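Undergrad: Got a structure here, written out as structure tokens. Questions coming.
The values are calculated or read from the model by the stated rules, or taken from the named source; none is laboratory data. Since we're looking at a predicted model, the values are computed, not measured. With ideal geometry, Cβ positions are generated from the backbone for all residues, glycine too; neighbour counts draw on all protein chains shown.
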Amino acid sequence: MSIQNKFRIFIIGAGFSVHAGLPLGAQLFKFVRDVIRKKYGGDNKLEADLEWYLEYRLRCDGIPEEYPVDYEKFMSYLDLEHYLGLRGSDTWSEEGNESQLIIRNGIREVIYSKTPKSPTAECIKFCQRLLPMDVVLTFNYDTLIEDALDYLGKPYRLFPNRLKSVGLMSSVIDSEAEEGEIVISKLHGSIDWYDKMPYLKERELASQSEYPWESRHPAFKEGSSIEHGPLIDGPVEEGDPLQYVYRVKDLSQISDSQFWQCTPLILSPSSSKILYANSLKSLWRGLQQAGGLNFGLGVVGYSLPHYDEYARQALYHLMRNYTEYEFDIEMMGLKKTPARILDYSKPGSSNWQIRKNYSFMNWDRCELNTSGLTLEAIDWLMQ
């Protein structure tokens, strides 16, 4: 084990990707609506559901239709409608109703189309500074970090642990195989991830039909030329839903697919997204116990939004563990550095909102930089 390994944790939010030209929040949804209108016309299912929601909002809360839409609440409305089966027999599929699938595919198209063809200088520098055994917890759907690591030829994995063997009650981690890797844990999924379980269920149902139908899934259907592979490499514990998650290598091959054919595994920006997190649960396992024996902690562009209460709960424990559990510990020549939060505030403005969002932190052991993601700020973050 190299003494250079610091076993650091980096928490990445949407603010990390702004420098690369990727949109945030309401801007993202505006682009998604534009993409959907071009593909399906102005009279599409999403617009119809949005109109229905605006009437619901007006009648329940007295909010006029012309007022800005809180898109997180709108998508939460769709999530609850689908999860509870409020449409009855009109429920579209296990993965979501029409508007949910249209939105997730629209997010994929927007992010993919706006992702730089070559890694940015900021992404390259961030990934150059990553060390083996570092863990990056990202809430972003984009592939900026993976693209930069591939560009640099640095080994990484997208799942928690490599297993040497799987047992009935416990499994053995292959520590030697993990030693040189960086862990990228995409807690909200990714635009290039696809869950194979709905496909397998559909194939089972088709096989029982008097007139079996062929699959239209562009990646999983028989004879598909789209290169894809399982996210987990090696043995996997029975019952881990992450074993059915596959990564598509070239999204341009799937960009023309329709929303009813396939949907990327991403949790839409909704206050109810946790309802759809089952496929990703193993990425969250143990986070509440992490941080205590790490020797670096950094946050980039993650604002801890109020509608992600489950994320706040996990990160509260992780970040408190880091600053409160044996902060002065020294092990293998390593000592903890202050927790570092890198965000952006306009010059001259106050950083009170950031401090309020992270009010649970021990600020005597935490440093804040509001310059945004610059090359100099990356040096500060990862020193």
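Undergrad: With the checklist (1) in contact with a Lys or Arg (Cβ under 7 Å, 6 or more places away or on another chain); (2) crowded, with 17+ Cβ neighbours inside 10 Å in hand, flag the one item Ile63 doesn't pass.
TA: (2)
Undergrad: List the strands (runs of 3 or more DSSP E) inside segment 160-230, counting only whole elements, that have at least 1 residues being charged (D, E, K, R) and in contact (Cβ under 8 Å) with a residue 60 or more places away in the chain. I'd like the intermediate steps shown before the answer.
TA: Values: elements: 163-166, 171-173, 182-186, 193-195, 228-230.
By residue number, 163-166, 182-186, 193-195.
Undergrad: Considering only segment 17-25, I want to know if a residue exists there that is among the aliphatic types (A, V, I, L, M), modelled with pLDDT of 95 or more, farther than 30 Å from Pro132 by Cβ and assigned to a helix (DSSP H, G or I).
TA: At the first step, the residues of segment 17-25 found to be among the aliphatic types (A, V, I, L, M) are 18, 20, 22, 24.
Pick out the ones that are also modelled with pLDDT of 95 or more and you get 18, 20, 22.
Of the ones still in play, those that are also farther than 30 Å from Pro132 by Cβ are none.
The answer is no; no qualifying residue exists.
Undergrad: Just name the residue that is farthest from Glu237 (Cα to Cα) out of those in segment 266-293 that are out of contact with any helix residue (DSSP H, G or I) (no Cβ under 6 Å at 6 or more places or on another chain) and assigned to a loop (DSSP other than H, G, I, E, B).
TA: Leu293
Undergrad: Going by the structure shown, is Arg59 in contact (Cβ under 8 Å) with a residue 24 or more places away in the chain and not polar (S, T, N, Q)? Can you show your working first?
TA: Details: in contact (Cβ under 8 Å) with a residue 24 or more places away in the chain: no; not polar (S, T, N, Q): yes.
The answer is no for Arg59.
Undergrad: Does segment 358-375 contain at least one residue that is aromatic (Phe, Trp, Tyr), assigned by TED's automatic domain parsing to the domain that holds Asn294, surrounded by 14 or more Cβ atoms within 10 Å (Cβ to Cβ) and in contact with a strand residue (DSSP E or B) (Cβ under 7 Å, 6 or more places away or on another chain)?
TA: Yes.
Undergrad: Check Leu373 against each of (1) modelled with pLDDT of 95 or more; (2) out of contact with any helix residue (DSSP H, G or I) (no Cβ under 8 Å at 6 or more places or on another chain); (3) within 29 Å of Trp193 (Cβ to Cβ) and name the one condition it does not meet.
TA: (2)
Undergrad: Also, quick follow-up: Checking Met331 against (1) touching a Leu at 6+ places or on another chain (Cβ under 8 Å); (2) surrounded by 14 or more Cβ atoms within 10 Å (Cβ to Cβ), which single condition isn't satisfied?
TA: Looking at each condition in turn, Met331 falls short on (2).
Undergrad: Any residue in segment 18-40 that is β-branched (Val, Ile, Thr) and under 30 Å from Gln288 (Cβ atoms)? Give the derivation first.
TA: So in segment 18-40, the residues β-branched (Val, Ile, Thr) come out as 18, 32, 35-36.
Now narrow it down to the ones that are under 30 Å from Gln288 (Cβ atoms): 18.
Yes, some residue in segment 18-40 is β-branched (Val, Ile, Thr) and under 30 Å from Gln288 (Cβ atoms).
Undergrad: Further question on the same structure: Just need a number here: residues in segment 319-332 that are closer than 18 Å to Met382 by Cβ and not hydroxyl-bearing (Ser, Thr, Tyr).
TA: Number satisfying all stated conditions: 1.
Undergrad: In the set Glu181, Glu214, Glu222, which member is among the acidic types (Asp, Glu), within 26 Å of Arg8 (Cα to Cα) and surrounded by fewer than 18 Cβ atoms within 10 Å (Cβ to Cβ)?
TA: On the way: Glu214 fails: within 26 Å of Arg8 (Cα to Cα); Glu222 fails: within 26 Å of Arg8 (Cα to Cα).
Being among the acidic types (Asp, Glu), within 26 Å of Arg8 (Cα to Cα) and surrounded by fewer than 18 Cβ atoms within 10 Å (Cβ to Cβ) holds for just one of Glu181, Glu214, Glu222, which is Glu181.
Undergrad: Looking at segment 64-84, can you tell me whether even one residue there is under 21 Å from the mean Cα position of the chain (by Cα), among the small types (Gly, Ala, Ser) and assigned by TED's automatic domain parsing to the domain that holds Ser252?
TA: yes
Undergrad: Let me ask another. Do we have Ala314 as farther than 28 Å from Phe74 by Cβ, touching a Leu at 6+ places or on another chain (Cβ under 8 Å) and in the same structural domain as Leu375 (by TED's automatic domain parsing) here?
TA: On the way: farther than 28 Å from Phe74 by Cβ: no; touching a Leu at 6+ places or on another chain (Cβ under 8 Å): yes; in the same structural domain as Leu375 (by TED's automatic domain parsing): yes.
Criteria not met by Ala314.
Undergrad: Please find, within segment 136-172, the residue that is modelled with the lowest pLDDT out of those that are of a type in the set (Ser, Thr, Tyr) and over 30 Å from Asn105 (Cα atoms).
TA: Ser170
Undergrad: Return yes when His82 is touching a Cys at 6+ places or on another chain (Cβ under 9 Å) and closer than 23 Å to Pro305 by Cβ and no when it is not. Can you show your working first?
TA: Values: touching a Cys at 6+ places or on another chain (Cβ under 9 Å): no; closer than 23 Å to Pro305 by Cβ: yes.
Spelling it out, it is not the case that His82 is touching a Cys at 6+ places or on another chain (Cβ under 9 Å) and closer than 23 Å to Pro305 by Cβ.
Undergrad: Looking at segment 259-282, which of the residues that are in contact (Cβ under 8 Å) with a residue 60 or more places away in the chain and farther than 20 Å from Leu28 by Cα is farthest from the chain's Cα centre (by Cα)? Steps first, please.
TA: Step one: of segment 259-282, the residues in contact (Cβ under 8 Å) with a residue 60 or more places away in the chain are 259-260, 262-273, 275-276, 279-280, 282.
Retained after the next criterion (residues that are farther than 20 Å from Leu28 by Cα): 260, 262, 275-276, 279-280, 282.
Working: Trp260: 22, Cys262: 18, Leu275: 15, Tyr276: 13, Ser279: 12, Leu280: 10, Ser282: 13 Å.
Taking the candidates together, the pick is Trp260.
Undergrad: Additional query: Go through segment 247-265 and report how many residues are part of a strand (DSSP E or B) and surrounded by 21 or more Cβ atoms within 10 Å (Cβ to Cβ).
TA: First, pick out the residues of segment 247-265 that are part of a strand (DSSP E or B): 247-248.
Now restrict to residues that are surrounded by 21 or more Cβ atoms within 10 Å (Cβ to Cβ): 248.
Adding up the residues that qualify gives 1.
Undergrad: Right, next: Going through Gly85, Gly96 one at a time, which residue ends up being among the small types (Gly, Ala, Ser) and surrounded by 16 or more Cβ atoms within 10 Å (Cβ to Cβ)? Outline the logic, then answer.
TA: Values: Gly85 fails: surrounded by 16 or more Cβ atoms within 10 Å (Cβ to Cβ).
It is Gly96.
Undergrad: Which ones in segment 173-203 are in contact with a Lys or Arg (Cβ under 7 Å, 6 or more places away or on another chain) and modelled with pLDDT of 95 or more?
TA: Matches in segment 173-203: Glu181, Ile182, Val183, Ile191, Asp192, Trp193.
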